[in-house]
1. Could you work out the local net charge near residue 120, counting Lys and Arg as +1, Asp and Glu as -1, over the other residues with Cβ closer than 9 Å to its Cβ?
2. Between helix 11-35 and the chain, what is the angle of the helix's C-alpha long axis to the longest principal axis, kept within 0 to 90° and rounded to the nearest 10?
3. The stretch 26-57: which GluC sites (Glu not before Pro) are DSSP loop and have at most 16 other beta-carbon atoms within 10 angstrom?
4. Given a 1.4 Å probe and every protein chain left where it sits, what share in percent of the accessible area of the stretch 14-141 is carbon and sulfur?
5. What value does the stretch 47-124 have for Rg/Rh, both radii from Cα atoms and Rh as Kirkwood defines it?
6. Taking the radius of gyration and the Kirkwood hydrodynamic radius from Cα positions alone, what is the Rg/Rh ratio for the chain, to two decimal places?
7. Solvent-accessible area per residue for the stretch 69-125 at a 1.4 Å probe radius, Å²?
8. To the nearest 20 debye, what charge dipole does the chain have about its Cα centre, counting +1 at the Cβ of each Lys and Arg and -1 at the Cβ of each Asp and Glu?
Amino acid sequence: MPGETTIQSDPAELATELEKLRKREKLLDASEQLANMGHCEWDFENNRLLSCSDGYARIFGQSREELMLSQASWDQVLEQLHPEDREHYARSYRSQRQNGTHEVDYRIIRADGTLRYLHETGLVEFDRDGKAIAAFGLVQD
């Protein structure tokens, strides 16, 4: 079918494609580091973080593995926000489920006690029935 990706069976072609993907990932990581940005994906159905970039974890002062554990639930995410910004952030995040996007400024308190000011934009992925299933967020420190 037009637009579909086919899987190559030639090992040399697979190795070339894998190397291209590695270079893209390296470029994305470098870009995020230079811009002091990171990205993450949130699963609305299970109310948990699906994935995050190293850049996103760096903003929170953690490794990717630590961050995946420390933001494994909505309550854990809110705990990392400045107490005065939690409701403001939650309102913006909830509204994106209806309008498909959100943009919000807020503060976090890192594990070492450092206060950081963040800007976040998000896009929602909807299923065929129009139900919000996931969100992709881009965060800048």
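The values are calculated or read from the model by the stated rules, or taken from the named source; none is laboratory data. Everything quoted here is computed from the prediction, not taken from an experiment. When we count neighbours, we look across all protein chains shown, and the Cβ atoms used for this are built from the backbone with ideal geometry, even at glycine. To get the accessible areas, we keep the full protein, side chains included, count just its heavy atoms, and leave off ligands, DNA and RNA. Shrake-Rupley method; radii C 1.70, N 1.55, O 1.52, S 1.80 Å.
1. Local charge sum for residue 120: -2.
2. In the chain, helix 11-35 runs at an angle near 30 degrees to the longest axis.
3. Here the GluC sites (Glu not before Pro) that fit, given the DSSP loop and packing criteria, are 45.
4. Carbon plus sulfur share of accessible area: 51 percent.
5. 0.94
6. 1.04
7. 58
8. 240
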